[in-house]
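Beneath this line is the structure, given in structure tokens, with notes to follow.
The values are calculated or read from the model by the stated rules, or taken from the named source; none is laboratory data. These numbers were taken from a predicted model, which means no experiment stands behind them. Cβ atoms come from the backbone with ideal geometry, glycine included; neighbour counts cover every protein chain shown.
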Amino acid sequence: MTMTVARHLIDAESFEGRAAEYEASVARLLPLLEIAPDKFVFACARAESLFGVESLDDPTGRTRSIQRAALLTEQLAVGLFQVTGAHIAGRTDSVRLRMLDATIAVPAGPNHAAHQGSWRTAFWWSRITRSDAASEQLARYPVDRLRNTGDGSWSSEFTYQWVSILQDAWLDDLREQTGRVNSLATNEDISGPEGQYRTDHLLRPPMDVFDALAAGDGKRFEHALTDALIKYRTFYDTARSRTDPSGFVSVPLLALACWAHDLGLPVTVESDYIPRHFIENPDWVAELTATSA
């Protein structure tokens, strides 16, 4: 039986024209990355907002506009770590990054935005786009570098352990990661009550979905995914958060649904938070780029 988790109510009329605004903003930011790589954080945020707003008109993910927004968001999220990864490897030249129909050259170097949260975002996007090369590169990125990005910031220990689990899942054996998330102290978020609420609704649920995926348990996966979608909706269905475009689609849950589909697990849960076309069509990037040539 198909389970449907409705997206929280969004005043779509208030976002009319916003897609064009976000697209223009990203277009202005991309060439700036060649001289100011610190703008990555703004470019990534704008692309993510563009993707979210596009999902209002196309919650299934079938149109070219939302697919281009998705691909651009992935290219920026992963590109951040290609640039910092090149720096870690000792490179001092520029890294050429493909951004839809253009190519930019960004100097290799450290970046404060290359933290554990942005690493997870990049990894999730690599699974949505089915970019095994990006997943491989991210899986080999040193976790210690995520702990020290140069700005003195620090996150709860379990966030770094979660990255390690995802890296091991990609590089080694997914099945062997079963149960590892159970040891993560996600009830000890160091950022206080507000951070704990965010962890309980946005970070812990994808861990449980992942654990069911690692175990290859389709029934548990469906239950965990449904529960995670409901908690995601609860978080964003507030006056403060419901108009945040980054909450219109759950990137972590979409990525896990794509991963499950590719491994043969059924994904019968339906929700605008996880656009169906991205899940069911692993070749969507190849088809998009073929029509762009």
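Worth pointing out:
- Extreme residue, surrounded by the most Cβ atoms within 10 Å (Cβ to Cβ), among residues of the range 48-60 that are in contact with a Ser or Thr (Cβ under 8 Å, 6 or more places away or on another chain) and within 13 Å of residue 251 (Cα to Cα): 51
- Among (1) over 20 Å from residue 168 (Cα atoms); (2) buried (at least 22 other Cβ atoms within 10 Å of the Cβ), the one test that residue 148 misses: (2)
- Of everything in the range 220-233 that is closer than 12 Å to residue 256 by Cα and free of Cβ contacts under 8 Å to residues at least 40 places away in the same chain, the residue that is nearest to the chain's Cα centre (by Cα) is 228.
- Only one of the listed residues (45, 70) is modelled with pLDDT of 95 or more, within 18 Å of the chain's Cα centre (by Cα) and surrounded by 22 or more Cβ atoms within 10 Å (Cβ to Cβ). That residue is 70.
- Hey, residue 244 under 29 Å from residue 175 (Cα atoms) and charged (D, E, K, R) or not: no
- Where residue 140 falls short, out of the listed (1) under 18 Å from the mean Cα position of the chain (by Cα); (2) surrounded by 17 or more Cβ atoms within 10 Å (Cβ to Cβ): (2)
- Tally of residues being of a type in the set (D, E, K, R) and either closer than 16 Å to residue 69 by Cα or surrounded by 14 or more Cβ atoms within 10 Å (Cβ to Cβ) (or both) across the range 9-39: 6
- Scanning the range 182-219 for residues that are within 20 Å of residue 265 (Cα to Cα) and crowded, with 16+ Cβ neighbours inside 10 Å gives 205, 206, 207, 208, 209, 210, 211, 212, 213, 214, 218.
The rows are residues; the columns are (1) aliphatic (A, V, I, L, M); (2) modelled with pLDDT of 95 or more; (3) closer than 21 Å to residue 29 by Cα.
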position: 112; (1), (2), (3): no, no, yes
position: 120; (1), (2), (3): no, yes, no
position: 138; (1), (2), (3): yes, yes, no
position: 164; (1), (2), (3): no, yes, no
position: 176; (1), (2), (3): no, yes, no
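- Pairs where the first residue, in the range 186-199, is part of a helix (DSSP H, G or I) and the second is of a type in the set (D, E, K, R), C-beta under 6 Å, 6+ apart: 195/189; 196/189; 199/189
- Selected residue (criterion: surrounded by the most Cβ atoms within 10 Å (Cβ to Cβ)) from residues of the range 273-284 that are under 21 Å from residue 6 (Cα atoms) and touching a helix residue (DSSP H, G or I) at 6+ places or on another chain (Cβ under 7 Å): 274
Each row is one residue, and each column tells you yes or no for (1) surrounded by fewer than 23 Cβ atoms within 10 Å (Cβ to Cβ); (2) among the hydrophobic types (A, V, I, L, M, F, W, C); (3) without any contact (Cβ under 8 Å) to a residue 40 or more places away in the chain; (4) not in a helix (DSSP H, G or I).
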{"residue": "235", "(1), (2), (3), (4)": "yes, yes, yes, no"}
{"residue": "255", "(1), (2), (3), (4)": "no, yes, no, no"}
{"residue": "267", "(1), (2), (3), (4)": "yes, yes, no, yes"}
{"residue": "286", "(1), (2), (3), (4)": "yes, yes, yes, no"}
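- Residue 132 satisfies every condition listed in (1) of a type in the set (Asp, Glu); (2) under 23 Å from residue 164 (Cα atoms); (3) crowded, with 16+ Cβ neighbours inside 10 Å except (3).
- Of the residues making up the range 50-63, just one is part of a helix (DSSP H, G or I) and of a type in the set (Ser, Thr, Tyr), namely 55.
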